[in-house]
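Trainee: Just passing along the structure, written as structure tokens.
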Amino acid sequence: MHSNSPASSETSERLRPERKLSWADAFKVYLESATLRMLVLGFSSGLPLVLVLGTLSFWLREAGIDRTTIGYLSWVGLVYAVKWTWSPLVDRLPLPLLTRWFGQRRSWLLLTQCTVMVGLVGMAFNDPRQALQPVVWCALLVAWGSATQDIALDAFRIESADIKRQAALAASYQTGYRVAMIWAGAGVLWIAARAQGPNSAGYQHGAWQTAYLVMAASMLLGVITVLLSAEPVPREFKPSKNVSEWLRGALVDPFADFIRRHRWQAVLILALISVYRISDVVMGIMANPFYVDMGYTKDEVAAVSKVFGLIMTLLGAFIGGVMTMRAGVMRVLMLGAVLSAATNVLYAWLGSVGHNLTALIWVISADNLAGGIATAAFVAYLSSLTNINYSATQYAVLSSLMLLAPKFLAGYSGAYVDAFGYSQFFIGTALLGVPVVLLVWLATRIKVPDPKA
């Protein structure tokens, strides 16, 4: 007997194949206010990361710090890998006065953005050639503020739109993030070169001081955006009877929820997340020392490594976002894994070519295109794994795992280059991508459960 009940209609609606978006509809999402907001906030997120890792390594190498020490100092980045330990506080703990005025997400964003600015000013007023330790402590402060900002920002992004728009928000976020990386990379080098005068070769601390003060002021873009943004609809949590119950809800429940939903598949998912970006992260620590040792000037690195790279990164991020919406996350995730590993081999070839601007343009363009595609798909994949009730904590754990093993291994990159040379180092980082491809293939064979289930 045929049924016309609401239940049967609902069932048939769920079983009906979802209409595939047209290319025009897919691109319209980039004009929505939430997507445009993430463009600027992505800039605020990407700026400090480069200044305590990539650009700092260029500064230190020019100041005469050896590559092995630079490699070990990259462990400052491990702050990002352990941010999950305090992510429950960002998720649940209100800040005095600030949370009442701005809301849970915006209050933490404002606090961390101001912390980053203070740390950058501290780095600017210390010369690593005279005393390296103060620079390291200030870099750690920047890293803490930046990592904590990422926790609040990831939750802000996930709570600002539905799951269908997460890929586009991720692409917009990554675009802003990459623009900031250009500004914190090329912009710093360009400003330092201009401050140094006609002779931009050699080392002058005053030039780097000016550049880092400008970077601190650039964080005001994020502050203004947060002040002009609306707080996402606050989630209602069951009132806690005591501290023990609050800690269980903040610390235990997010992890228990993830294991409950994914069960044995959680092991495979966490393994994939922990190594997906390993090729790029390990290689990236030695990229700037490589440019210095190859004889490229600050202006050349700023123009070629950053400007041409920006064009390809923006293209890659948008292609990755649209492809994810059209073809699905896992297919683009596989493409990104293959391309990210393969492009590292090009750096080994570049080392054999020598000082060649044309070759540098092609290598960096290919590498950034691959990185944009891979990262847009990867962020969308991480977002799909989180339960909105624990978005800050779960996303912080997942994104921290992404950096833990790669950042730890990257600390030995300088010692490896000193022992074996750049060519073998770049080839080795490419080979690190082989297990990643295998893990993505295995992950495509499992179904990610609905976070609402």
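Trainee: Take the residues of segment 167-178 that are of a type in the set (A, V, I, L, M) and over 12 Å from the mean Cα position of the chain (by Cα): which is modelled with the highest pLDDT? Walk me through how you get there before you give the answer.
Mentor: Step one: of segment 167-178, the residues of a type in the set (A, V, I, L, M) are 167-171.
If we keep only those that are over 12 Å from the mean Cα position of the chain (by Cα) as well, we get 167-169.
Working: Ala167: 67, Ala168: 71, Leu169: 75.
The qualifying residue modelled with the highest pLDDT is Leu169.
A quick yes/no check of all residues on (1) at pLDDT below 80; (2) buried (at least 22 other Cβ atoms within 10 Å of the Cβ); (3) in contact with a strand residue (DSSP E or B) (Cβ under 8 Å, 6 or more places away or on another chain):
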| residue | (1), (2), (3) |
| --- | --- |
| Tyr72 | no, no, no |
| Gly77 | no, yes, no |
| Tyr80 | no, yes, no |
| Trp86 | no, no, no |
| Arg92 | yes, no, no |
| Leu97 | no, no, no |
| Phe102 | no, no, no |
| Arg106 | no, no, no |
| Leu110 | no, no, no |
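Trainee: Across segment 270-320, which residue is farthest from Gly202 (Cα to Cα) among those that are in a helix (DSSP H, G or I) and hydroxyl-bearing (Ser, Thr, Tyr)? It would help to see each step written out before you state the result.
Mentor: Within segment 270-320, the first condition is being in a helix (DSSP H, G or I), and the residues that meet it are 270-275, 278-285, 287-293, 298-320.
Next cut, hydroxyl-bearing (Ser, Thr, Tyr) only: 274, 279, 291, 305, 313.
On the way: Ser274: 39, Ser279: 31, Tyr291: 14, Ser305: 19, Thr313: 30 Å.
Among residues in segment 270-320 that are in a helix (DSSP H, G or I) and hydroxyl-bearing (Ser, Thr, Tyr), the one farthest from Gly202 (Cα to Cα) is Ser274.
Trainee: Could you please give the count of residues in segment 129-143 that are among the small types (Gly, Ala, Ser) and either more than 10 Å from Gly119 (Cβ to Cβ) or surrounded by fewer than 16 Cβ atoms within 10 Å (Cβ to Cβ) (or both)? Full working, then the answer.
Mentor: Just the residues of segment 129-143 that are among the small types (Gly, Ala, Ser), to begin with: 131, 139, 143.
Next cut, either more than 10 Å from Gly119 (Cβ to Cβ) or surrounded by fewer than 16 Cβ atoms within 10 Å (Cβ to Cβ) (or both) only: 131.
Residues in segment 129-143 being among the small types (Gly, Ala, Ser) and either more than 10 Å from Gly119 (Cβ to Cβ) or surrounded by fewer than 16 Cβ atoms within 10 Å (Cβ to Cβ) (or both): 1 in total.
Trainee: Residues Ala342, Ala366, Ala302: which one is farther than 23 Å from Ala430 by Cα, touching a residue at least 24 places away in the same chain (Cβ under 8 Å), surrounded by fewer than 22 Cβ atoms within 10 Å (Cβ to Cβ) and of a type in the set (A, V, I, L, M, F, W, C)?
Mentor: Details: Ala342 fails: farther than 23 Å from Ala430 by Cα; Ala366 fails: farther than 23 Å from Ala430 by Cα.
Of the residues listed, the single one that is farther than 23 Å from Ala430 by Cα, touching a residue at least 24 places away in the same chain (Cβ under 8 Å), surrounded by fewer than 22 Cβ atoms within 10 Å (Cβ to Cβ) and of a type in the set (A, V, I, L, M, F, W, C) is Ala302.
Trainee: Could you check segment 32-70 and list, in sequence order, the residues that are hydroxyl-bearing (Ser, Thr, Tyr), under 26 Å from Ala419 (Cα atoms) and surrounded by fewer than 22 Cβ atoms within 10 Å (Cβ to Cβ)?
Mentor: Of the residues in segment 32-70, the ones hydroxyl-bearing (Ser, Thr, Tyr) are 33, 35, 44-45, 55, 57, 68-69.
If we keep only those that are under 26 Å from Ala419 (Cα atoms) as well, we get 55, 57, 68-69.
Of everything in segment 32-70, those that are hydroxyl-bearing (Ser, Thr, Tyr), under 26 Å from Ala419 (Cα atoms) and surrounded by fewer than 22 Cβ atoms within 10 Å (Cβ to Cβ) turn out to be Thr68, Thr69.
Trainee: Quick one: in segment 167-225, of everything that is of a type in the set (S, T, N, Q) and outside any loop (DSSP other than H, G, I, E, B), which residue is farthest from Met38 (Cα to Cα)? Steps first, please.
Mentor: The initial filter retains those residues of segment 167-225 that are of a type in the set (S, T, N, Q), namely 172, 174-175, 196, 199-200, 204, 209-210, 218, 225.
From the residues that got through so far, the ones that are outside any loop (DSSP other than H, G, I, E, B) too are 172, 174-175, 196, 209-210, 218, 225.
Values: Ser172: 6, Gln174: 9, Thr175: 9, Gln196: 35, Gln209: 29, Thr210: 28, Ser218: 16, Thr225: 9 Å.
Going through the qualifying residues, I end up with Gln196.
The values are calculated or read from the model by the stated rules, or taken from the named source; none is laboratory data. Please read these numbers as outputs of a predicted model, since none were measured by experiment. Don't worry about glycine lacking a Cβ; one is built from the backbone with ideal geometry, like all the others, and counts go over all protein chains shown.
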